[in-house]
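Since the structure comes first, as structure tokens, the remarks are kept for the end.
The values are calculated or read from the model by the stated rules, or taken from the named source; none is laboratory data. Please read these numbers as outputs of a predicted model, since none were measured by experiment. Cβ coordinates were reconstructed from backbone atoms using ideal geometry, including for glycine residues, and neighbour counts include every protein chain displayed. Note: areas computed on protein heavy atoms with side chains; ligands, DNA, RNA excluded. Shrake-Rupley method; radii C 1.70, N 1.55, O 1.52, S 1.80 Å.
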Amino acid sequence: MAAAVGQEVETALAAYGVDPYSDIGSEWHYLYYRNALHSGRFSVTSMTGLRPFMSRELVRLSRSERAPYSKPTKADLSVINEMLLLLSPDAAAFEFDDRAKNMDHDFVRTRVRELGGPIGLGEIPEYRTYGDPASVNSGFAQPLARLVSDVGLWHRATREQLTEACRDGFDGITVPEIREAYEPVLREAEAKLGDEGLSFMQMRGSVGKLLTLGLANS
């Protein structure tokens, strides 16, 4: 199975002209095959969203030999930092949720000057749109809605109903070892759903895992 998966990944990369043995091959694979889905996850609740890496030109620039941070690790500076610096030096100097992401004020000033920024509003080209937003289907896919309704698993998107659905998913676990492993998942889901300051988009995996268990148990 491992060999088959490896062959499939290599074929997928080769289709885009990427060396299958590139040291950042996994990132290219993500960009071409997963990024559009991952970056579009907000679309069930909002028709707008900023996803810089949906731009091929920006990705190409980020991996250019001329880019100072062409192979950043999670804590390193990257083209995303450069974008923030150019758009708003003040925002770039704010403290992040993770200290490793913080940029020193002196660095911000120096780097903005080196990049020729900041960018003024008059320098930003007009953002062109095509078509009418009202004609675009937004929200949950109707076939999926009908499917879960048919099996009695359609829930209103309220914190109370989602909490109950998460508990139902957990209650369907009969194997003691699996049930024990999912106890912290349930506690996390309940805590997130109980936090009025946390939107559904920010809850990540715990709620979804338990809802999926409920679907499987049905």
Subject >> Computed FRET value (nearest 0.05) for F107 with A15, which takes r as the C-beta separation and R₀ as 45 Å >> reply: 0.70
**OP:** Pop a pseudo-label 7 angstrom from the Cα along the beta-carbon direction at both D97 and A157 and give the gap in nm to one decimal.
**Re:** 1.9
**OP:** Counting other Cβ atoms within 10 Å, keep those with at most 13, restrict to DSSP loop, and tell me which trypsin sites (Lys or Arg not before Pro) in the range 136-218 are left.
**Re:** R156, R204
Original post:
Just the accessible area for F94, please: 1.4 Å probe, Å², rounded to the nearest 10?
Top reply: 130
Original post:
Say each of L215 and R56 gets a label point 7 Å from the Cα, pointing the same way as Cα to Cβ; how far apart are those two points in nm?
Top reply: 3.2
**OP:** Express the accessible area of the chain per residue in Å², computed with a 1.4 Å probe while the remaining protein chains stay in the model.
**Re:** 75
**OP:** Could you please state, rounded to a whole Å, how far the C-alpha centre of the range 1-31 is from the C-alpha centre of the range 66-125?
**Re:** 31
**OP:** For the range 184-199, take each phi angle, set θ = phi - 60°, evaluate the Karplus expression 6.51 cos²θ - 1.76 cosθ + 1.60, and give the result in whole Hz per residue in order, putting x for glycine and proline.
**Re:** x, 5, 5, 4, 5, 4, 5, 5, 5, 5, x, 8, 5, x, 10, 7
Subject >> At q = 0.11, 0.19, 0.20 Å⁻¹, base-10 log of I(q)/I(0) for the range 65-218 (Debye sum, equal scatterers on each alpha carbon) >> reply: -0.77, -1.07, -1.13
Original post:
Can you list the lysines whose alpha carbon sits under 22 Å from that of K209, skipping same-chain ones fewer than 8 residues off?
Top reply: K192
**OP:** Starting at the first residue of the range 88-97, write each ³J(HN,Hα) from the Karplus equation 6.51 cos²θ - 1.76 cosθ + 1.60 with θ = phi - 60°, in whole Hz, x for Gly and Pro.
**Re:** 7, x, 5, 5, 5, 8, 5, 7, 8, 5
Original post:
In terms of Cα to Cα distance under 22 Å, which lysines are near enough to K101, apart from those fewer than 8 places away along the same chain?
Top reply: K71, K74
Subject >> Where L213, L61, L115, L37 fall by accessible area, highest first, once all protein chains stay in place (1.4 Å) >> reply: L37, L61, L115, L213
Subject >> Extension gain, R66 back to S135 (0.36 nm per residue minus Cα-Cα distance, nm) >> reply: 20.7 nm
**OP:** Per residue of the range 5-10, in order, report the coupling 6.51 cos²θ - 1.76 cosθ + 1.60 (Karplus, θ = phi - 60°) as ³J(HN,Hα) in whole Hz, putting x for Gly and Pro.
**Re:** 5, x, 5, 5, 5, 4
Original post:
Considering only protein heavy atoms and a 1.4 Å probe, what is the carbon-and-sulfur percentage of the accessible area of the chain?
Top reply: 55
**OP:** Specify whether the C-alpha gyration tensor of the range 151-218 places it in the rounded, prolate or oblate class, a ≥ b ≥ c being the square roots of the eigenvalues: rounded for a/c under 1.5, otherwise prolate if a/b is larger than b/c and oblate if not.
**Re:** oblate
